[in-house]
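One structure is given below, encoded as structure tokens.
Derivation of every value follows stated rules applied to the coordinates shown; laboratory data play no part. Since we're looking at a predicted model, the values are computed, not measured. When we count neighbours, we look across all protein chains shown, and the Cβ atoms used for this are built from the backbone with ideal geometry, even at glycine.
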């Protein structure tokens with residue numbers, strides 16, 4: 001008897017590039033906090049994600065950043081904002097290591113259409129982290 005194929009949910013979300021880390025966070029003697037522009041980007045992205053993405057419990061996430069020029073950028077700085085927006089939207093419940101894995105984080109050049117593409121793929125109970 002053949003096992004039925006389980007269709008996994010895969011969502012592709014296209015967002016504007018987030019502000020730089022220096023524009024998102026402020027460091028003071030009292031600690032680190034998000035700026036208005038950082039909060040605004042996360043809120044706007046969360047609304048877009050909520051409209052385009054069904055919630056998943058365990059996920060594999062891929063990020064493709066399309067930059068307008070060849071200026072040096074740190075790709076891992078995109079992660080924090082993207083994950084904050086995914087959690088805020090409810091697309092993923094949490095971004096801790098037990099429920100989330102990354103498939104890829106890549107940078108590309110697109111002078112005409114800079115953007116951040118996030119691919120969220122649902123992981124089944126026997127996939128991914130706890131095989």
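Tabulated data
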| item | result |
| --- | --- |
| Nearest-0.05 FRET efficiency for residue 33 and residue 106, computed from C-beta distance (R0 41 Å) | 0.85 |
| Degrees, to the nearest 10: 36-52 long Cα axis against longest axis of the chain | 30 |
| Kirkwood Rh, angstrom, the chain [1 / mean 1/r, Cα pairs] | 15.8 |
| Relative contact order (percent, whole number), the chain, Cα cutoff 8 Å, 6+ residue spacing | 38 |
| Length added when fully stretched, residue 97-residue 48, from 0.36 nm per residue minus Cα-Cα | 15.2 nm |
| Cα-based helix-to-principal-axis angle, 76-89 vs the chain, degrees rounded to 10 | 60 |
| Order of 103, 20, 89 - criterion: other Cβ atoms within 10 Å of each residue's Cβ, fewest first | 103, 20, 89 |
